[in-house]
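> Submitted below is the structure of interest, expressed as structure tokens.
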Amino acid sequence: MSRALLHPLLQLKAPVVSRLASALALSVVQQRAFNTSAPIIEPVPKQQPQPQPQKHKPKRKAAIPPAVVHQQPPKQRHEKNAANPTDSQVRPLAFKKSHPARPPRPVENSVEKLLPLLVAQPGHYITVHIHGFPYLVQEGDQVRLPFRIPGVLPGDVLRLDRASVIGSRDYTMKGAPHIDPELFQCRATVLGTESEPLRIKLKTKRRQRKVKRVKSKHRYTILRISELRVQKSGKATGHHIESVAKETTAPQRPAA
């Protein structure tokens with residue numbers, strides 16, 4: 001193309017470029033007008049210097065102070081509490097008792113006065129306890145126990161030392177809960193063992209045809225009271241003797 005044609009074309013492009021530049025400048029100004037807040041700049045954390053490893057020096061052991069013994073004040077005992085007789089003895093703590101056993105009660109006047117009268121009367125009876133079962137017996141009675149005593153043979157003599165009541169026709173001595181064994185002598189002789197008839201029981205379950213036959217045949221020991229004697233002396237602590245004697249008078253006949 002000739003220079004004559006290019007020159008007017010360049011003149012036409014110049015105003016267009018100027019217009020575009022002014023438009024871009026206005027848009028940048030408008031954007032800056034909306035964003036008026038100050039920019040937030042986060043501070044950069046400073047790196048702290050790392051401590052250099054120190055050499056461990058051996059520590060000196062501190063002197064251990066001597067043990068301090070605290071003396072406890074003596075325990076004050078209540079006026080109603082009994083003194084502990086084992087407090088001064090050197091024993092394990094588990095075996096010491098804070099409250100000792102109660103002192104024995106004094107013998108009642110009824111025992112001192114009526115015990116000789118009970119001994120003098122014949123026909124004594126006694127309530128002995130064998131494995132927790134009480135039996136009211138006299139001398140010569142035969143007792144069938146509801147169980148079998150293992151390790152005994154016919155002719156063996158057993159000492160029965162557990163009794164709650166001893167009495168005669170007019171007097172009765174009761175224990176609390178049992179009478180001291182030194183106050184009486186009660187012996188029983190083993191006669192043998194007795195067995196009951198064979199019992200058969202049929203056991204069935206619901207909706208089943210099977211029938212189970214259970215057989216049982218218990219054995220019992222037979223004893224005879226061979227000796228019953230009441231002692232005149234012994235520990236009668238906590239016992240009580242009651243008199244059941246009644247004064248009887250002959251009926252008076254009317255005067256004729």
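> Among the numbered criteria (1) exposed (fewer than 12 other Cβ atoms within 10 Å of the Cβ); (2) under 40 Å from the mean Cα position of the chain (by Cα), which one does LYS201 miss?
Of the numbered conditions (1) exposed (fewer than 12 other Cβ atoms within 10 Å of the Cβ); (2) under 40 Å from the mean Cα position of the chain (by Cα), the odd one out for LYS201 is (2).
> From the list THR189, THR127, which one is over 23 Å from ILE241 (Cα atoms), surrounded by 10 or more Cβ atoms within 10 Å (Cβ to Cβ) and in contact with a strand residue (DSSP E or B) (Cβ under 7 Å, 6 or more places away or on another chain)?
Just a single option satisfies the conditions, and that option is THR189.
> Condition first: of a type in the set (A, V, I, L, M, F, W, C) and surrounded by 15 or more Cβ atoms within 10 Å (Cβ to Cβ). Now tell me which residues in the range 166-186 satisfy that.
ILE166, MET173, ILE179, LEU183, PHE184, CYS186
> Of all residues being surrounded by 11 or more Cβ atoms within 10 Å (Cβ to Cβ) and in a helix (DSSP H, G or I) in the range 103-115, which is modelled with the highest pLDDT? Just the residue, please.
Result: LEU115.
> Here's something else I'd like to know. Condition first: closer than 15 Å to LEU191 by Cα and exposed (fewer than 11 other Cβ atoms within 10 Å of the Cβ). Now tell me which residues in the range 130-143 satisfy that.
Passing the criteria: only GLY140.
> On to the next question. If I ask for residues that are part of a loop (DSSP other than H, G, I, E, B) and under 14 Å from ILE241 (Cβ atoms), which ones from the range 159-181 would you list?
SER168, ARG169, ASP170, GLY175, ALA176, ILE179, ASP180
> Out of the range 182-230, which residues are of a type in the set (S, T, N, Q) and either within 30 Å of ASP161 (Cα to Cα) or in a strand (DSSP E or B) (or both)?
GLN185, THR189, THR193, SER195, THR204, SER216, THR221, SER226
The values are calculated or read from the model by the stated rules, or taken from the named source; none is laboratory data. All values derive from a computational prediction rather than experimental measurement. Don't worry about glycine lacking a Cβ; one is built from the backbone with ideal geometry, like all the others, and counts go over all protein chains shown.
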